[in-house]
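Engineer: Just passing along the structure, written as structure tokens.
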């Protein structure tokens, strides 16, 4: 029996590091910004192995809760906050962003990784999200997959589990 070759949508990645990464993509603000925070974590597959070739994008409001309308996401100027960032995972499956705390209380993430025919959307809440309708709509035992853990002053850890135990809640946009 002849084995069929995978199609491009079945072989997403690991080209992200070569085609989609850009200088400053993960730094929405410089590290010395007075309101800078770090969002970091690890992307895990269904076997709990780190994914070394994933790409994470974030979109967020500014500190006042407003959606930024400035240009410059692909050409960082260290002044304009655009609310968009992109980071590739390293060989250990880790990613890191430097940004500001969003006034909305959460960041929206898109996850691109090998084995995914389409990217996945999720949210990372920087507090318990008790007032958020989406978070409240989830079963209590699933909410924690969307809450980033504060692990140091101005630093939050948000691991993304693509499948398996404690799989991150992913959202569907229509």
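Engineer: Looking only at the stretch 119-130, filter to residues that are touching a residue at least 24 places away in the same chain (Cβ under 8 Å) and over 12 Å from the mean Cα position of the chain (by Cα); which one of those is surrounded by the fewest Cβ atoms within 10 Å (Cβ to Cβ)?
Structural biologist: 129
Engineer: Within the stretch 67-105, take every residue that is assigned to a strand (DSSP E or B) and free of Cβ contacts under 8 Å to residues at least 60 places away in the same chain and give me the one that is nearest to residue 51 (Cα to Cα).
Structural biologist: Here the answer is 94.
Engineer: Another question about this same structure. Considering only residues that are closer than 19 Å to residue 41 by Cα and outside any strand (DSSP E or B), which ones fall in the stretch 130-148?
Structural biologist: Scanning the stretch 130-148 gives 142, 143, 144, 145, 146, 148.
Engineer: Among the residues in the stretch 137-148, are any buried (at least 18 other Cβ atoms within 10 Å of the Cβ), on the phi > 0 side of the Ramachandran plot and in contact with a helix residue (DSSP H, G or I) (Cβ under 8 Å, 6 or more places away or on another chain)?
Structural biologist: So far as the stretch 137-148 goes, no, none of its residues is buried (at least 18 other Cβ atoms within 10 Å of the Cβ), on the phi > 0 side of the Ramachandran plot and in contact with a helix residue (DSSP H, G or I) (Cβ under 8 Å, 6 or more places away or on another chain).
Engineer: What about residue 64, is it part of a strand (DSSP E or B) and either in contact with a helix residue (DSSP H, G or I) (Cβ under 8 Å, 6 or more places away or on another chain) or under 21 Å from residue 156 (Cβ atoms) (or both)? Steps first, answer last, please.
Structural biologist: On the way: part of a strand (DSSP E or B): no; either in contact with a helix residue (DSSP H, G or I) (Cβ under 8 Å, 6 or more places away or on another chain) or under 21 Å from residue 156 (Cβ atoms) (or both): yes.
Against the criterion (part of a strand (DSSP E or B) and either in contact with a helix residue (DSSP H, G or I) (Cβ under 8 Å, 6 or more places away or on another chain) or under 21 Å from residue 156 (Cβ atoms) (or both)), residue 64 does not qualify.
Engineer: Filter the stretch 44-61 down to the residues that are in a loop (DSSP other than H, G, I, E, B), free of Cβ contacts under 8 Å to residues at least 60 places away in the same chain and within 15 Å of the chain's Cα centre (by Cα) and list them by number.
Structural biologist: Step one: list which residues in the stretch 44-61 are in a loop (DSSP other than H, G, I, E, B), which gives 45-49, 51-54, 60-61.
Cutting the leftovers down to free of Cβ contacts under 8 Å to residues at least 60 places away in the same chain gives us 49, 52, 60-61.
If the condition is that a residue be in a loop (DSSP other than H, G, I, E, B), free of Cβ contacts under 8 Å to residues at least 60 places away in the same chain and within 15 Å of the chain's Cα centre (by Cα), then 52, 60, 61 are the ones that fit.
Engineer: Continuing with this model, one more query. Mind listing whichever residues of the stretch 149-166 are touching a residue at least 40 places away in the same chain (Cβ under 8 Å) and either touching a helix residue (DSSP H, G or I) at 6+ places or on another chain (Cβ under 8 Å) or assigned to a loop (DSSP other than H, G, I, E, B) (or both)?
Structural biologist: 154, 158, 159, 161, 162, 163, 164, 165
Bear in mind that the values in this text are calculations on the coordinates, not laboratory data. Given the structure is predicted, the values throughout are model-derived calculations rather than measurements. A quick note on method: Cβ atoms are made from the backbone with ideal geometry, for glycine too, and the neighbour counts reach across all protein chains shown.
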